[in-house]
Each structure stands twice: as C-alpha cells, then as structure tokens.
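Colleague: Input: one structure, supplied below.
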Amino acid sequence: MTKRLTLSAFGCLLAATLLAADPPPPTPVAVKAARLLDVKTGRYVERPVVVVVGGRIESVGTAVPAGARVIDLGDRVLLPGLIDTHTHILLQGDPTAVEYDEQILKEYPAHRVARAVRSLKIALEHGFTTMRDVETEGAGYDDVALRDAVNEGVIPGPRMKVVGPALSTTGSYPIQRYRPDWKFPSGVMVCDGADGCRKAVREQLSYGVDWIKIYANTGGLRITPDGYIDSPPNWTKEEIEAVVSEAHAHGVRVAAHARSDTGLRIALAAGVDSIEHGDSIRPEAAAEMARRGIFLVPTLTVADYVAGPRTAAGCAVCAHTEKVHAKSFENCRKAGVKIAFGTDAGGFPWTEINQAKELEFEVKLGMTPIEAIRSATTVAADLLGMTGQVGTVEKGAFADLVALPGDPLANVSALSNIDFVMKGGEVVKAPSP
Ligand SMILES: [Zn+2]
C-alpha cells in the first residue's frame, strides 16, 4: 500500500513537473506587405497582416496582434508558396538519350543524391514550397528518403509527394539496346500483366511512395494525318486498370505520362488521375478528361528546352511537337480540364532555368496571369489532395508564403523574382536589407 501511495505521489509530482516544463506557446509572427494576392478571387488585398503560429496560418487580417514578431515586407506582393507537380530532383537535365544514359550508367548514387539536395534548395529558394516528384530515373526510392530528410529538417526543401521508380512494361523504357548478354540498370521498374503490375504497386507502396506513375507510351512517336501524335501503347487496358485499382484501394493516385493518342486513350479508360505532358489531346479526349476530373500537367518548359537538341539528334517528330502540344493545351482549356502547373524540372537543369518560367509559357498559350497562378497554387493543391493545406493563404493552411516586388497580375514573369520565402512558418529566404 505504502509503495503504491509513494508511486502515485511520485506520478503526481512528475505530472506537475511536466506541466510546469511545458514550453510557452509559440510567439505569433505577423507578416506584413503592401498587398496580398487572393488567388481564389484574383484580387489584391491591401495592407494585409498574415499571422503565423506554430507553422500554420492563424489569421489573415489587417491588425498586428499584441506580442507578435513582425516581418515587414514593405511594398511587396504576398502570395501562397508555389507548387510544381512534375519534377525530377534526381535528374539534372537530359535533352537527349545520350545524356540520359550517361547519368544513369555513370553517376554514382551518392553523387546523384548530393545534386538532388542542391536541386531541392534551389526550388525552395525560388518559392516552390511543395512539389510532386514523378520518378527517380534509376535512383530507386531515393526520393522517398529525400522527402523524409526534408520532413525531419535534415536538409532544406519543399514538401514532397514522391513516386519512387515509375512503372513501365518490358522493353518500353531506357536503358535500351545495350549488349543483351550484359545486365544494365533501367530508368523505371518494369512490370508486365495485370497480376505482375498489381504486385509492383504493392511493392512500391511498401517502400513509402505517395503516388504511382506509369509511362502510357514512350518510343515510336509519329505525326498522324490529322496533325496529332501517335505511337504504340506500352500497356493493355487491363494492366493499367490493375495498377489504378490497387493504388486507389490504398488511397493513392496514379499519374500517367502520355505524349500520344493511343496510350492516352487507354490510360483515360483505365481511370488514371493525371495526364503528364499531354502533347496530343484531341477535343474528344479533352472532353472526357473534363467530365471525369482528370488533370492535365502540361510541362511546357521542358518541351521548349528539349525540342531543339532532340531535333538536332535526329528526332523527326520533335520539330512539330510544340505546335501539337499548344493545340492540345487549347483543347483542354476549352473543354474545362483542370490544368495543374508542372515543369519537368530535372529534364532541364535546375541550375539554369527557374521553374517559374512555366507560368510565362502558360500565359503565352492563352491562360490569363491569374489562371496561371492558380495552376501553381489552388489547382495544384487539388491535384495533390492538399486543398486548403497548401496553395492558399487562409486560416489553418501551412504557413508557406512568398513575396516579390512588382505586379504578377500584370506580368507573371515577376514570379521569377521571388525574394522572400517562408515554409511552415520558417523564413527560408529574405530580401537583403
Ligand atoms: Zn517528367
């Protein structure tokens, strides 16, 4: 009895000590600027004060609460952090097959990871506070590890949704046509048949991926008589259906790389959630995407980057793809397809091109500046299943904020000059005084 009493007294003492040692509530941070772009309404809010507590937005108003630490951004425009839904942090620019093979075959894994760490920092400092990384190209599940390292605070980087190695079928993806009697690495995880691909999805999920990605088509692109692009598909409908049903059963979405008609149609029929690139989308396919809520992620920056080098390397279709792509983009806009911002960074060098350049390409193809900005905020958040968490400045969202001089509604290229970045309430980059 005595012992029990002593123990319970000790328990009370311990609880009291723990209560006394509770850290004080975090000091609110008030972020002030000349204007806040409300991306939902497309209007500026004058003299906003965004109050941040513990990594989340507590309120959006005009008053600084008592005791708050103030960050005054002067005449800048404040926006939510940007979201790029198509990147490859483990790639460093591969305009042609020769350069791709060089990276996959020769670069040591640690070297690739080291360069990926740099890519993450560059993206974050450009104002991209969230990214979906859609395949490691021969680097296994290193994207899962990098995502976790960012979340642990080991390295700086955007919030990541990752796919690990993308899936494709036998013979459809590089490394290709090297000595058959030697074993070479593949840029993807290969699976065949509905059962085999269902097993591949199960394996990938067990390693902690957030999304599944497939290549609906790859080689053999040709221009069709009516000016679109076609090629042999990589999959049967049954195979993609197996991938989709297994992923969806676990609450995981499926992205499909589709640059040509037949592969696109099979992927849509099998129920994928996003079409990546979408170089060739006829009006009927666009209507189906709109009706079923399937997103397009157009990656216009990489299309511009690779067209020249690939044409020079002997790709006959490559000189025409940008024109077909523009027509497909227009078909999707007319049909009301949700278009999410995605650049394919890594397909071009992280060190050379700011991902925000994609906004300029989107506007060039007909979007208004606010539509382009929504593609990189609210629409991208919807694609990632993170509505209300990212891509918005509102109570309860992550405190992911960026600011810049100039007027992004007059000229989206202003978004290439973001000089203040906050992620989860922590200042990552601030204008020099
Ligand atoms: Zn890509």
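Colleague: Considering only the other residues whose Cβ falls under 13 Å of the Cβ of K327, what net charge follows from Lys and Arg at +1 and Asp and Glu at -1?
Modeller: -1
Colleague: Normalised by the residues of the chain, what does the relative contact order come to in percent, with Cα pairs under 8 Å and at least six apart?
Modeller: Over the chain, the number comes to 19 percent.
Colleague: P(r) for the chain, please, calculated from all Cα pair distances in 20 Å bins and given in %.
Modeller: 25, 53, 18, 4, 0
Colleague: Among I370, N354, V50, which residue has its Cα furthest toward the positive end of the charge dipole of the chain, with +1 on Lys/Arg Cβ and -1 on Asp/Glu Cβ?
Modeller: Checked the options; the winner is V50.
Colleague: Here's another thing I want to ask about it. Rolling a 1.4 angstrom probe over the protein chains, ignoring ligands and nucleic acids, what is the accessible area of H88 in square angstrom, nearest 10?
Modeller: Probe radius 1.4 Å; accessible area of H88 about 10 Å².
Colleague: Stick to Cα atoms and the Kirkwood definition of Rh, then tell me Rg/Rh for region 336-433.
Modeller: 0.96
Colleague: Please give the net charge around I418, taking every other residue with its beta carbon less than 15 angstrom from that of I418, where Lys and Arg add +1 and Asp and Glu add -1.
Modeller: Local net charge: -2.
Colleague: If packing is taken as the average count of other Cβ atoms within 10 Å, what order do 39-45, 332-338 fall into, highest mean first?
Modeller: Most protected by this proxy first, the peptides run 332-338, 39-45.
Colleague: Can I ask one more? With an 8 Å cut-off on Cα pairs and a minimum separation of 6 or more residues, tell me the relative contact order of region 230-347 in percent.
Modeller: The value is 25 percent.
Colleague: Amide H of H86: which non-local residues (sequence gap of 5 or more, or other chain) have their own amide H closer than 5 Å, using H built in the peptide plane?
Modeller: Answer set, sorted by chain and number: R132, T343, D344.
Colleague: To continue, here is another question. Carbon and sulfur atoms: what percent of the 1.4 Å accessible area of the chain do they account for?
Modeller: Carbon and sulfur together cover 56 percent of it.
Colleague: With all protein chains present, calculate the accessible area of W211 using a 1.4 Å probe and round the result to the nearest 10 Å².
Modeller: Counting only protein heavy atoms, the figure is 10 Å².
Colleague: Once the Cβ-Cβ distance between T236 and R118 is put in as r, and R0 is 35 Å, what FRET efficiency do you end up with, to the nearest 0.05?
Modeller: My answer for the efficiency is 0.30.
Colleague: Another question, then. Taking only DSSP H segments of four or more residues, each worth -39500 (n - 2.57), what value at 222 nm results for the chain once the sum is divided by all its residues, to the nearest 500 deg cm²/dmol?
Modeller: So the helix-based figure for the chain works out to -11000 deg cm²/dmol.
Colleague: List the pairs from K213/K327; K213/K423; K161/K334; K161/K423 whose alpha-carbon separation is above 18 Å, in the order I gave them.
Modeller: Pairs exceeding the cut-off: K213/K327; K213/K423; K161/K334.
Colleague: Would you please classify the overall shape of region 73-121 from the alpha carbon gyration tensor, given that a ≥ b ≥ c denote the square roots of the eigenvalues, rounded means a/c under 1.5, and beyond that prolate means a/b larger than b/c while oblate covers the rest?
Modeller: Here region 73-121 falls in the prolate category.
Colleague: Taking the Cα centre of each part, how many Å lie between region 399-416 and region 240-292?
Modeller: About 32 Å separates the Cα centre of region 399-416 from the one of region 240-292.
Colleague: For the charge dipole of the chain, defined by +1 on Lys and Arg C-beta atoms and -1 on Asp and Glu C-beta atoms about the Cα centroid, which residue among V428, S416, S186 has the Cα displaced farthest towards the positive pole?
Modeller: Selected residue: V428.
Colleague: Ignoring ligands and nucleic acids, what accessible area does C191 show with a 1.4 Å probe (Å², nearest 10)?
Modeller: We get 10 Å² for C191.
Colleague: According to the square roots a ≥ b ≥ c of the eigenvalues of the Cα gyration tensor, what is the shape class of region 168-312, taking rounded for a/c under 1.5, prolate for a/b larger than b/c otherwise, and oblate for the remainder?
Modeller: In terms of gyration-tensor shape, oblate.
Colleague: Per residue, what accessible area does the chain have, given a 1.4 Å probe and all protein chains present, in Å²?
Modeller: Normalised by residue count, the accessible surface of the chain is 43 Å².
Colleague: Please list 3J(HN,Hα) in residue order for region 197-211, calculated via the Karplus relation 6.51 cos²θ - 1.76 cosθ + 1.60 where θ = phi - 60°; whole Hz, with x for glycine and proline.
Modeller: Working through the residues one at a time gives 6, 4, 5, 4, 5, 4, 4, 4, 4, 5, 8, x, 6, 9, 9 Hz.
The values are calculated or read from the model by the stated rules, or taken from the named source; none is laboratory data. Computed from a prediction, not measured in an experiment: that's the story for all the values here. When we count neighbours, we look across all protein chains shown, and the Cβ atoms used for this are built from the backbone with ideal geometry, even at glycine. Each accessible area value is taken on the protein alone, full model and side chains, heavy atoms only, with ligands, DNA and RNA left out. Shrake-Rupley method; radii C 1.70, N 1.55, O 1.52, S 1.80 Å.
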